[in-house]
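The values are calculated or read from the model by the stated rules, or taken from the named source; none is laboratory data. None of the values given here were measured: they were computed from a predicted structure. Every residue, glycine as well, gets a Cβ built from its backbone with ideal geometry; the counts of neighbours run over all protein chains shown. All accessible areas refer to the heavy atoms of the entire protein, side chains included, with ligands and DNA or RNA removed. Shrake-Rupley method; radii C 1.70, N 1.55, O 1.52, S 1.80 Å.
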Amino acid sequence: MNNHTIRTYLLTVLLCMMGACLPVHASSGHADEGEPVNIKEIIFDHIGDAYEWHVATIGDKHISIPLPVIVYSQEKGLNAFLSSHLHHGHSYEGFHIATEGDYKGKVVETLSTGEVKRPMLDLSLTKIAAGIVLNSLLLVTIILCVSRWYRRREASDDAPRGFVGMIEMLIMMVYDGIIKPSVGKDYERYAPYLLTAFFFIFLSNLMGLVPIFPGGANVTGNIAITLVLAICTFLAVNLFGTREYWREVLWPDVPMWMKCPVPLMPVIEIFGLFTKPFALTVRLFANIMAGHSVILALVCIIFVTHSMGALISGSMTVVSVLFTIFMNCLELLVAFIQAYVFTMLSAVFIGMSRVEHHEK
């Protein structure tokens, strides 16, 4: 790793540590003077989804970016409007955001009968969805810029340095260290998906640590997102599996009594097909969500102890800041490890589905 790459990495670490104390102030769950801090509300506001992108709170004024709400109602048909119409519990065209019950935090409609229920279809661009779009655009921009750098140079030129060199190092690490040895034959066929999965997860993890817009969206800490990523791996494994792979699943090489008349082993093998994407889903979701929760909880210590006197408050503030910096550094490492592990396991599962028949 050259000096430019090291400086870039250290700058990223410094920026993340400087922003460590911002999530509490940027959360809608802040407390007024004299009121206790609702830690649970702060954490769940951050790791949950919303119909607006909360940027900051200055005094009593909340600065938020309204997002489009697109819902289809059986009575009113298709409706599209900005979420700013629903601020502070307001209702718009019969729609409002529920503040309690099973639909808390979701857009609901009041029917002509007085019944409150969810619309038939909700295609709103929520904070998580907007985060996916922004992260995807940022990733495409980065790759296109790196590609442009290579198009302007010859193969005999010096190796790239700085940011381009770091991206090349990551690509070659995943390509040569994960995809080739894990997938085996026809590894080039799966390289685009695996590289895309790695960089999307890694970038989303890093953006989730940035406490101000356009960062802060808990993309990979949302189980729906990790489930979709796991389903993509599930499809890549099972749609392109070899005949020998499916023979081992449906008719494994075990004693006959274990597969006929009671198909014990085939049932276990089929069940195993679904445990793999489940493991991918929960592993990524749980690690990222837990990291965000711990960081916010550590920051909240400052505001929980502010009324306990100068000595205790000052001491706990120092402890909170030090532990928050440590956790942010640790989360930078976790952001990479989780992207690496997801890609590695996906490549291993794909490689297992590419098994060929060997003569005994």
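Once the whole set of protein chains is in place, how much accessible area is left on D45, using a 1.4 Å probe, in Å² to the nearest 10?
60 Å²
Between C329 and L273, what is the label-point separation in nm under the 7 Å Cα-to-beta-carbon projection?
It is 4.7 nm.
Helices from the chain with mean Kyte-Doolittle at least 1.6 and a Cα length along the axis of 20 Å or more, per DSSP H: which?
The qualifying helices are 223-239, 264-304, 310-353.
Can you give the FRET efficiency to the nearest 0.05 for M120 and L82, using r as the Cβ-Cβ distance and R₀ = 25 Å?
My answer for the efficiency is 0.75.
Return the carbon/sulfur percentage of the accessible area of the chain, one whole number, probe 1.4 Å, all protein chains in place.
The value for the chain is 67 percent carbon and sulfur by accessible area.
Order L280, L121 by their accessible area, 1.4 angstrom probe, all chains in place, largest first.
Result, largest first: L121, L280.
For the pair R243 and S147, how long in nm is the line joining their label points, each one 7 Å along Cα→Cβ?
The answer from the label model is 3.7 nm.
Amide H to amide H under 5 Å from T57: which residues, 5+ apart in sequence or cross-chain, H placed 1.01 Å off N in plane?
Result for T57 returns I63.
Would you pull out the residues with amide H under 5 Å of E52's amide H, same chain only if 5 or more places away, H placed 1.01 Å from N?
K127
Given that just one value was derived from the coordinates, which of [x] -0.42, -1.04; [y] -0.35, -0.92; [z] -0.37, -1.03 is log10 I(q)/I(0) by the Debye sum over Cα atoms at q = 0.07, 0.12 Å⁻¹?
The listed entry that was calculated here is [x].
Taking the Cα of V133, stepping 7 Å toward and past its beta carbon, and measuring to each backbone N in the stretch 67-81: which are under 18 Å?
67-72, 79-81
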